[in-house]
Amino acid sequence: MNTIVEGPHALAKKQLYLQRLNQFYTDIRNWLQDEPLIVEPGETDMIEALGQYKAPQLFIKSEAGEVLAAFQPTGASVLLAEGAMDVKGGIGLEYVLYMLKSEPQTFFRYRWLVLARTTRGC
């Protein structure tokens, strides 16, 4: 049974997740600004424990329009993390988590972390 969490805490958590996604996508656009690539925004419908909402996606395409990477948010309700997304591309699927600093187990301070790799494409 799926439970929807409502209230100010859920709204704040969703908003923070969306801010982090948008900042990450801004960083990607800045990193790729001088490359011959198309960086195209999108939007997806999210359904998770925090409710239903829209979240941004990002696609990196070749000049010919081939999708090289698709950044697909998967939610803010993630065990041991503050958010997650999938990154799908021609060489596979990456699971990416937003981790907070947690001494002494990790050295991460508010950043996205690649969790695992598979070999499936877009």
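Considering only segment 61-85, state which residues are closer than 15 Å to residue 22 by Cα and not polar (S, T, N, Q). Even if it seems obvious, please write down each step before you answer.
First pass over segment 61-85, keeping only residues closer than 15 Å to residue 22 by Cα: 70-76, 82-85.
Matches in segment 61-85: 70, 71, 73, 75, 76, 82, 83, 84, 85.
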Q: Output the number of the condition that residue 79 fails; it satisfies all remaining conditions of (1) closer than 23 Å to residue 100 by Cα; (2) touching a strand residue (DSSP E or B) at 6+ places or on another chain (Cβ under 6 Å).
A: (2)
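Scan segment 83-108 residue by residue and report those that are of a type in the set (Val, Ile, Thr) and either at pLDDT below 90 or exposed (fewer than 12 other Cβ atoms within 10 Å of the Cβ) (or both). Walk me through it before giving the result.
Just the residues of segment 83-108 that are of a type in the set (Val, Ile, Thr), to begin with: 87, 91, 96, 106.
Result: 91, 96, 106.
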Q.
Could you list, ordered by first residue, the pairs with Cβ atoms under 9 Å in which the first is in segment 68-92 and more than 13 Å from residue 13 (Cα to Cα) and the second is surrounded by fewer than 16 Cβ atoms within 10 Å (Cβ to Cβ) and acidic (Asp, Glu), at least 6 apart or interchain?
A. 70/86; 71/86; 72/86; 73/86; 74/86; 90/66
Q. Can you name the residue in segment 1-57 that is among the acidic types (Asp, Glu) and either surrounded by 13 or more Cβ atoms within 10 Å (Cβ to Cβ) or under 26 Å from residue 69 (Cα atoms) (or both) and is also modelled with the lowest pLDDT among such residues?
A. 48
Q. List the pairs whose first member sits in segment 21-40 and is under 13 Å from residue 63 (Cα atoms), whose second member is part of a helix (DSSP H, G or I) and not small (Gly, Ala, Ser), and whose Cβ atoms are under 9 Å apart, counting only residues at least 6 apart or on separate chains?
A. 39/25; 39/28; 39/29
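The values are calculated or read from the model by the stated rules, or taken from the named source; none is laboratory data. Not measured: the values here are computed from a predicted model. When we count neighbours, we look across all protein chains shown, and the Cβ atoms used for this are built from the backbone with ideal geometry, even at glycine.
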